[in-house]
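Read through the structure below, which is laid out as C-alpha coordinates, and then see the notes.
The values are calculated or read from the model by the stated rules, or taken from the named source; none is laboratory data. In this text the structure is predicted, and so the values were computed from the model without any measurement. Methodologically, a virtual Cβ is constructed for each residue, glycine included, from the backbone with ideal geometry; neighbour enumeration extends over all protein chains shown.
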Amino acid sequence: MPQSMEATNESGGTRRLGNQLVVYGGSFDPVTIGHLDVIRRASALFDRVIVALGKHPTRNPLFTVDERMELLREVTRGMPGVEVTAFEGLLIHFCKSVGARVLVRGLRAATDFEYELQIAHANSDLEPGIDTIFLPTRTNYGFISASLVREIASHGGDVSKYAPRPVCEALIRKHAKR
(Lines give C-alpha, C1' and ligand atoms only; values in the text may rest on other atoms or scores of the structure.)
Protein backbone atom coordinates (compact mmCIF):
# COMPACT_ATOMS: atom_id res chain seq x y z
CA MET A 1 0.00 0.00 0.00
CA PRO A 2 1.50 3.40 -0.97
CA GLN A 3 2.67 5.46 1.98
CA SER A 4 3.08 8.95 0.52
CA MET A 5 0.62 10.84 -1.65
CA GLU A 6 2.29 13.86 -3.32
CA ALA A 7 3.35 15.14 -6.82
CA THR A 8 4.51 18.40 -8.34
CA ASN A 9 1.61 20.51 -9.52
CA GLU A 10 1.49 23.53 -11.84
CA SER A 11 2.00 26.02 -9.00
CA GLY A 12 5.13 24.25 -7.81
CA GLY A 13 3.46 22.49 -4.87
CA THR A 14 4.07 18.83 -4.21
CA ARG A 15 1.73 15.87 -4.00
CA ARG A 16 3.01 12.30 -4.38
CA LEU A 17 0.89 9.38 -5.51
CA GLY A 18 2.98 6.74 -3.85
CA ASN A 19 6.36 5.31 -3.11
CA GLN A 20 5.93 2.62 -5.72
CA LEU A 21 8.32 1.55 -8.40
CA VAL A 22 7.06 2.41 -11.90
CA VAL A 23 8.44 1.55 -15.32
CA TYR A 24 8.53 3.77 -18.41
CA GLY A 25 9.60 1.68 -21.38
CA GLY A 26 10.50 2.38 -24.98
CA SER A 27 13.15 2.11 -27.66
CA PHE A 28 14.40 5.69 -27.16
CA ASP A 29 16.08 5.82 -30.58
CA PRO A 30 16.87 8.56 -29.71
CA VAL A 31 15.51 9.99 -26.48
CA THR A 32 13.58 13.23 -27.14
CA ILE A 33 12.48 16.14 -24.96
CA GLY A 34 9.01 14.57 -25.02
CA HIS A 35 10.44 11.42 -23.44
CA LEU A 36 12.25 13.52 -20.85
CA ASP A 37 9.03 15.35 -20.02
CA VAL A 38 7.29 12.03 -19.29
CA ILE A 39 10.25 10.84 -17.19
CA ARG A 40 10.31 14.06 -15.15
CA ARG A 41 6.57 13.98 -14.58
CA ALA A 42 6.62 10.29 -13.61
CA SER A 43 9.44 10.96 -11.15
CA ALA A 44 7.37 13.77 -9.62
CA LEU A 45 4.49 11.33 -9.11
CA PHE A 46 6.43 8.28 -7.95
CA ASP A 47 9.55 7.80 -5.85
CA ARG A 48 11.28 5.39 -8.21
CA VAL A 49 11.14 5.26 -12.03
CA ILE A 50 12.90 2.67 -14.14
CA VAL A 51 13.42 3.87 -17.70
CA ALA A 52 13.47 0.55 -19.52
CA LEU A 53 15.09 0.43 -22.94
CA GLY A 54 13.70 -2.44 -24.99
CA LYS A 55 16.04 -4.57 -27.07
CA HIS A 56 14.16 -5.56 -30.23
CA PRO A 57 16.10 -7.98 -32.45
CA THR A 58 13.82 -7.34 -35.45
CA ARG A 59 14.37 -3.56 -35.48
CA ASN A 60 17.23 -1.71 -37.09
CA PRO A 61 17.86 1.23 -34.73
CA LEU A 62 20.07 4.20 -35.55
CA PHE A 63 21.82 3.96 -32.17
CA THR A 64 23.04 0.76 -30.56
CA VAL A 65 21.59 -0.35 -27.23
CA ASP A 66 24.79 0.77 -25.49
CA GLU A 67 24.66 4.21 -27.16
CA ARG A 68 21.00 4.67 -26.21
CA MET A 69 21.69 3.56 -22.63
CA GLU A 70 24.57 6.03 -22.37
CA LEU A 71 22.43 8.87 -23.76
CA LEU A 72 19.52 8.04 -21.44
CA ARG A 73 21.81 7.92 -18.41
CA GLU A 74 23.41 11.22 -19.35
CA VAL A 75 20.13 13.11 -19.86
CA THR A 76 18.46 11.66 -16.73
CA ARG A 77 21.48 12.20 -14.47
CA GLY A 78 20.38 14.26 -11.52
CA MET A 79 16.73 13.23 -11.73
CA PRO A 80 15.90 11.81 -8.30
CA GLY A 81 14.73 8.23 -8.24
CA VAL A 82 15.32 7.61 -11.96
CA GLU A 83 17.36 4.64 -13.14
CA VAL A 84 18.01 3.32 -16.64
CA THR A 85 18.22 -0.30 -17.69
CA ALA A 86 17.72 -2.45 -20.79
CA PHE A 87 15.45 -5.46 -21.12
CA GLU A 88 14.51 -8.15 -23.63
CA GLY A 89 11.09 -9.63 -24.23
CA LEU A 90 7.75 -8.17 -23.23
CA LEU A 91 7.74 -4.96 -21.19
CA ILE A 92 4.96 -6.31 -18.98
CA HIS A 93 7.11 -9.31 -18.05
CA PHE A 94 10.00 -6.96 -17.26
CA CYS A 95 7.66 -4.98 -14.97
CA LYS A 96 6.74 -8.16 -13.11
CA SER A 97 10.40 -9.23 -12.82
CA VAL A 98 11.38 -5.96 -11.10
CA GLY A 99 8.27 -5.81 -8.91
CA ALA A 100 6.65 -2.79 -10.58
CA ARG A 101 2.89 -2.47 -10.20
CA VAL A 102 2.62 0.51 -12.54
CA LEU A 103 3.60 0.96 -16.18
CA VAL A 104 3.76 4.55 -17.45
CA ARG A 105 3.03 5.34 -21.10
CA GLY A 106 3.17 8.71 -22.83
CA LEU A 107 0.47 9.81 -25.27
CA ARG A 108 0.94 12.39 -28.02
CA ALA A 109 -2.30 12.13 -30.01
CA ALA A 110 -5.56 10.22 -30.32
CA THR A 111 -3.88 7.68 -32.58
CA ASP A 112 -1.39 6.91 -29.79
CA PHE A 113 -4.28 6.37 -27.39
CA GLU A 114 -5.96 3.72 -29.53
CA TYR A 115 -2.74 1.75 -29.92
CA GLU A 116 -1.65 2.19 -26.28
CA LEU A 117 -5.09 1.24 -24.96
CA GLN A 118 -4.97 -1.99 -26.95
CA ILE A 119 -1.52 -2.75 -25.50
CA ALA A 120 -2.72 -1.82 -21.98
CA HIS A 121 -5.63 -4.25 -22.30
CA ALA A 122 -3.32 -7.04 -23.46
CA ASN A 123 -0.87 -6.25 -20.64
CA SER A 124 -3.71 -6.33 -18.11
CA ASP A 125 -4.76 -9.72 -19.45
CA LEU A 126 -1.18 -11.04 -19.18
CA GLU A 127 -0.45 -9.47 -15.76
CA PRO A 128 -3.64 -8.28 -14.00
CA GLY A 129 -1.66 -6.94 -11.03
CA ILE A 130 0.11 -4.30 -13.12
CA ASP A 131 -1.73 -1.11 -14.06
CA THR A 132 -0.97 1.23 -16.96
CA ILE A 133 -1.04 4.98 -16.42
CA PHE A 134 -1.14 7.31 -19.42
CA LEU A 135 0.58 10.68 -19.25
CA PRO A 136 -0.53 12.92 -22.09
CA THR A 137 2.24 14.99 -23.58
CA ARG A 138 2.46 18.69 -22.98
CA THR A 139 0.90 20.54 -25.93
CA ASN A 140 4.23 21.84 -27.24
CA TYR A 141 5.69 18.31 -27.42
CA GLY A 142 2.74 16.60 -29.11
CA PHE A 143 4.31 16.36 -32.55
CA ILE A 144 7.79 15.27 -31.45
CA SER A 145 8.77 11.67 -32.09
CA ALA A 146 12.07 9.85 -32.26
CA SER A 147 11.43 9.09 -35.94
CA LEU A 148 10.89 12.81 -36.65
CA VAL A 149 14.13 13.66 -34.86
CA ARG A 150 16.02 10.97 -36.82
CA GLU A 151 14.56 12.17 -40.14
CA ILE A 152 15.38 15.84 -39.60
CA ALA A 153 18.88 15.01 -38.35
CA SER A 154 19.56 12.69 -41.30
CA HIS A 155 19.17 15.69 -43.61
CA GLY A 156 21.39 17.94 -41.49
CA GLY A 157 18.48 19.77 -39.87
CA ASP A 158 18.60 21.34 -36.43
CA VAL A 159 16.84 19.16 -33.84
CA SER A 160 17.89 21.17 -30.78
CA LYS A 161 14.26 22.09 -30.07
CA TYR A 162 13.27 18.41 -30.04
CA ALA A 163 16.14 16.54 -28.40
CA PRO A 164 18.50 17.21 -25.50
CA ARG A 165 21.99 18.56 -26.29
CA PRO A 166 23.83 15.21 -25.82
CA VAL A 167 21.43 13.58 -28.29
CA CYS A 168 21.91 16.39 -30.83
CA GLU A 169 25.68 15.97 -30.57
CA ALA A 170 25.39 12.18 -30.93
CA LEU A 171 23.18 12.60 -34.02
CA ILE A 172 25.74 14.92 -35.63
CA ARG A 173 28.53 12.40 -34.93
CA LYS A 174 26.41 9.49 -36.17
CA HIS A 175 25.50 11.18 -39.45
CA ALA A 176 29.05 12.43 -40.00
CA LYS A 177 30.15 8.79 -40.13
CA ARG A 178 27.63 7.92 -42.85
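Only one of these is small (Gly, Ala, Ser), surrounded by fewer than 16 Cβ atoms within 10 Å (Cβ to Cβ) and either farther than 24 Å from Arg138 by Cα or within 14 Å of the chain's Cα centre (by Cα) (or both): Ala122, Ala52, Ala110. Name it.
Ala122
Mind listing just one residue for me: the one in the range 140-178 that is under 17 Å from the mean Cα position of the chain (by Cα), outside any loop (DSSP other than H, G, I, E, B) and of a type in the set (Ser, Thr, Tyr) and, of those, surrounded by the most Cβ atoms within 10 Å (Cβ to Cβ)?
Result: Tyr141.
Out of Pro61, Pro30, report the one residue that is touching a helix residue (DSSP H, G or I) at 6+ places or on another chain (Cβ under 8 Å), closer than 25 Å to Ala170 by Cα, buried (at least 18 other Cβ atoms within 10 Å of the Cβ) and at pLDDT 90 or above. Talk me through it step by step, then tell me what you get.
Details: Pro61 fails: buried (at least 18 other Cβ atoms within 10 Å of the Cβ).
Every option except Pro30 fails the conditions.
Check the range 92-102 and report whether any residue there is at pLDDT 95 or above and in contact with a Lys or Arg (Cβ under 7 Å, 6 or more places away or on another chain).
No, because not a single residue in the range 92-102 is at pLDDT 95 or above and in contact with a Lys or Arg (Cβ under 7 Å, 6 or more places away or on another chain).
Looking at Leu45, is it farther than 26 Å from Asp158 by Cβ, in contact with a Cys (Cβ under 8 Å, 6 or more places away or on another chain) and surrounded by 17 or more Cβ atoms within 10 Å (Cβ to Cβ)?
Criteria not met by Leu45.
Pick from the range 43-74 the residues that are polar (S, T, N, Q) and free of Cβ contacts under 8 Å to residues at least 12 places away in the same chain: which of them is nearest to Gln20 (Cα to Cα)?
Looking at residues that are polar (S, T, N, Q) and free of Cβ contacts under 8 Å to residues at least 12 places away in the same chain, I get Thr64.
Go through the range 116-137 and give me each residue that's closer than 23 Å to Leu45 by Cβ and either aromatic (Phe, Trp, Tyr) or out of contact with any helix residue (DSSP H, G or I) (no Cβ under 6 Å at 6 or more places or on another chain) (or both). Please lay out each step first, then the result.
We begin by selecting, within the range 116-137, every residue closer than 23 Å to Leu45 by Cβ; these are 116-117, 119-121, 123-124, 127-137.
Hits for the range 116-137 are Glu116, Leu117, Ile119, Ala120, His121, Ser124, Pro128, Gly129, Asp131, Ile133, Phe134, Pro136.
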